[in-house]
Amino acid sequence: MGELVFECVDVVPDRYAAAPTLLFRLRIRELTETPVQAVALRCQIRVEPRKRRYSAAEAERLLDLFGEPSRWSDTLRPMQFAYVDKLIPGFVGQTEVDLPVVCTYDLEVAAGRHFSALEGGEIPLLLLFSGTVFYGGPQGFTVEQIPWHNEAAYRLPVRVWQELMDIHFPGSGWLRRETIDRLGKFKAGRALPTWDDALNALLDLIPP
């Protein structure tokens, strides 16, 4: 029976992708040295917001996502970032592959809102692996499932996320960053659930 171990060793922006994409560099080791013919890998990536500190400015931007800091012991829950499939070619012993993860700057998405609010430091991520491993040997092929306990932690530098967004949306998102921050304060201060609600509330202030 084989045994795979996964490690995330680096994350960089894909500068040539049509949409914002991060390349997660995975190192995969087969501890029994059994030849691997292929791996049909599934990877779920979660954000673990509890595992970092936040500045006062970041906490203000995250008010509509997590509420007041006094409530963070209850509201800072893991959130879904991405779910990716990847077919990995055969190897013996160890291999490294890039896992492309398409990202969004949509501030209605919790992970995108969280990332855009951060000024610096790192974003704690947890990669959870599952899927199927195809082994080769004297008796032919064998098929095994990747156990659900396979996971890898990675702390994504905020500057990598910012660099990715600057490549595709230089100095802006769907609005300039300064405008997004001001609109976010307006939205959070009035406990408005969506950006559409915030914009409609502003429009209601304009005389017909």
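Convex hull volume of the Cα atoms in the range 69-208, per residue, in Å³? Before the final figure, lay out the partial values.
On the way: hull volume 23.3 nm³, N = 140.
About 166 Å³ per residue, rounded to a whole number.
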Exercise. Can you give the angle from 0 to 90° between the axis of helix 177-189 and the longest principal axis of the chain, with both taken from C-alpha atoms, to the nearest 10?
Worked result: 70
Seminar exercise, completed: Expressed per residue, the solvent accessible area of the chain in Å² (1.4 Å probe) is about 54
For this session: For the range 112-154, just the Cα atoms, rotate onto the principal axes and tell me the three extents in Å, largest first.
Result: 55, 16, 15
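Can you compute the equivalent ellipsoid semi-axes for the range 61-126, i.e. the square root of 5 times each eigenvalue of the Cα gyration tensor, sorted largest first and rounded to whole Å?
Working: eigenvalues 207, 36, 24 Å².
Working through the eigenvalues yields semi-axes of 32, 13, 11 Å.
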Seminar exercise, completed: Farthest towards the positive end of the dipole of the range 19-95, among Gly93, Phe66, Met79 and with Cβ unit charges of +1 on Lys and Arg and -1 on Asp and Glu, lies the Cα of Gly93
For this session: Calculate the spin-label point distance for Asp74 paired with His168, positioning each point 7 Å from the Cα along the beta-carbon direction, and give it in nanometres.
Result: 3.5
Problem set entry | Translational diffusion coefficient (Stokes-Einstein; Kirkwood radius from C-alpha pairs) of the range 18-82 at 25 °C, 0.890 mPa s, in µm²/s | 157
Exercise. Roughly how many percent of the accessible protein surface of the range 2-155 is carbon and sulfur, given a 1.4 Å probe and a whole-percent answer?
Worked result: 52
For this session: Could you tell me, in Å, what Rg and Dmax come out for the Cα atoms of the range 127-205?
Result: 23.3, 76
For this session: For Arg29 and Asp204, calculate 0.36 nm times their separation in residues minus their Cα-Cα distance, and state this gained length in nm to one decimal.
Result: 57.1 nm
Exercise. When the dipole is taken about the Cα centre of the range 2-68, and only Lys, Arg (+1) and Asp, Glu (-1) are charged at their Cβ, what size is it in debye, to the nearest 20?
Worked result: 60
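One-quarter of the Cα convex hull surface for the range 1-147, in nm²?
Details: hull surface 40.7 nm².
Projected over every direction and averaged, the Cα hull of the range 1-147 covers 10.2 nm².
The values are calculated or read from the model by the stated rules, or taken from the named source; none is laboratory data. Being a predicted model, the structure only gives us computed values, none of them experimental. Virtual Cβ from ideal backbone geometry, glycine too; neighbours counted across all protein chains shown. Please note that ligands, DNA and RNA were not included when accessible areas were found on the heavy atoms of the full protein model with its side chains. Shrake-Rupley method; radii C 1.70, N 1.55, O 1.52, S 1.80 Å.
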